[in-house]
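To keep things clear, I will list the structure first and then write my remarks on it.
The values are calculated or read from the model by the stated rules, or taken from the named source; none is laboratory data. These numbers were taken from a predicted model, which means no experiment stands behind them. Neighbour counts are summed over all protein chains in view; Cβ atoms, including those assigned to glycine, are modelled from backbone coordinates with ideal geometry. All accessible areas refer to the heavy atoms of the entire protein, side chains included, with ligands and DNA or RNA removed. Shrake-Rupley method; radii C 1.70, N 1.55, O 1.52, S 1.80 Å.
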Amino acid sequence: MRDEKKKRLVIIPAYNEEGAILKTVRDIEAKAGSFDYVVINDCSKDHTRQILEENGLNHVNLPMNSGIGAAVQTGYIYAAENGYEMAIQVDGDGQHDAAFLERMAEILEESDANMVIGSRFIKNEGFQSTGLRRMGIRFFTWWIKRLTGEVVTDPTSGMRLADRKVIELFAKDYPRDYPEPETAVTVLKAGYKIKEIPVEMRARESGKSSISMKKSIYYMIKVPLACLVAAVATD
């Protein structure tokens, strides 16, 4: 039986998500009632802030656009300071289905894992991303295995539930951009355990990806090096 006193938080980083942010929050409220939520509005230029305020949604407004890493870390700091025992990132664009959150929390409580990742590639159901990105994901699975000895089938998944130890780790230090593969290495090299469960993801509800072709090249250079540094720093 779940400990009802354990506080659970959904962290929703949002930048220009006026088309999906309200639906994302309502999805969490309808399907994951044991979770609180906080939207981290990364100084959106559209009507995201107005939607949050008009609908009375719990949110934090960053004073300037600081990027995904800073937005997510703000959520972990919020979780740490408010006594949450679990925290999960859910993207504000509607890709992550809140129906899986309660099961992820159960897995975290029942196992010895410190982090539970929702993976698209265990059952290969739902939206699978583009072919080019899947190639990149397979590379990072291989690279993380080389660095840590552990297999993470969906290392770029942002749907990751962290326990209190990992919350405190991320509240202190979190990568500025493209953080998922690097933080998976950090968690594993710190001696914590990661477990994956199959989930289905959706195509984004609105807006567009922040990763352009030019940024993809930067991503494939920067992130493997960042993973290597994270692995060496914790040895």
Contour minus Cα-Cα span, E109 to A233, at 0.36 nm per residue, comes to 41.7 nm
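Sort H59, H47, H96 by heavy-atom solvent-accessible area, probe 1.4 angstrom, most to least.
Working: H59 50, H47 100, H96 10 Å².
Listed by decreasing accessible area, they come as H47, H59, H96.
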Which whole-number percent is the relative contact order of the chain (Cα, under 8 Å, 6+ apart)?
-> 24
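Using the Cα centre as the reference, give the magnitude of the dipole from point charges on the C-beta atoms of the chain (Lys, Arg: +1; Asp, Glu: -1; all else neutral), rounded to the nearest 20 debye.
Details: 32 positive and 34 negative charges, 169 e Å.
Dipole size: approximately 820 debye.
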When DSSP assigns beta bridges and you keep just the ones with both residues in the chain, what percent turn out antiparallel, to the nearest 5?
-> 25
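How would you rank 78-84, 50-56, 115-121, highest first, on the average number of other Cβ atoms within 10 Å across their residues? Show your work: numbers first, answer last.
Working: 78-84: 16.7, 50-56: 13.7, 115-121: 23.6.
Top of the packing list down: 115-121, 78-84, 50-56.
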Which one of K23, K123, K165 has the biggest mean-square fluctuation once the chain is modelled by GNM with Cα springs under 10 Å?
-> K123
For the chain, report the accessible area per residue in Å² (1.4 Å probe, heavy atoms, rounded to an integer).
-> 48
Residues meeting the amide H criterion for Q95 (H placed from the backbone, H to H distance under 5 Å, 5 or more places apart or on another chain) are E205
Sort largest first and round to whole Å: the equivalent ellipsoid semi-axes of region 30-79, each the square root of five times a Cα gyration tensor eigenvalue.
-> 19, 16, 8
Looking at I117, L62, V25, which one has the Cα that reaches farthest to the positive end of the dipole of the chain (charges on Cβ: Lys, Arg +1; Asp, Glu -1)?
-> I117
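How large, in percent, is the carbon and sulfur part of the accessible surface of the chain at a probe radius of 1.4 Å?
Values: 5980 of 11370 Å².
C and S fraction of accessible area: 53 percent.
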Between Y218 and K145, what FRET efficiency follows from the Cβ-Cβ distance if R0 is 35 Å, with the result rounded to 0.05?
-> 0.90
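Taking a ≥ b ≥ c as the square roots of the eigenvalues of the Cα gyration tensor of region 1-87, is the shape rounded (a/c under 1.5), prolate (a/b larger than b/c) or oblate?
Here region 1-87 falls in the oblate category.
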For region 218-226, 3J(HN,Hα) per residue [Karplus equation, 6.51 cos²θ - 1.76 cosθ + 1.60, θ = phi - 60°, Hz, x = Gly/Pro] = 4, 4, 6, 9, 5, 5, x, 5, 5
Each residue of region 141-150 in order: what ³J(HN,Hα) in whole Hz does its phi give by Karplus 6.51 cos²θ - 1.76 cosθ + 1.60, θ = phi - 60°, with x for Gly and Pro?
-> 4, 5, 5, 5, 4, 5, 7, 10, x, 10
Amide H neighbours of Y37 under 5 Å, counting only residues 5+ apart in sequence or on other chains, H built in-plane at 1.01 Å?
-> V10
For E196, enumerate residues with amide H under 5 Å from its amide H, sequence gap 5+ or separate chain, H modeled in the peptide plane.
-> I117
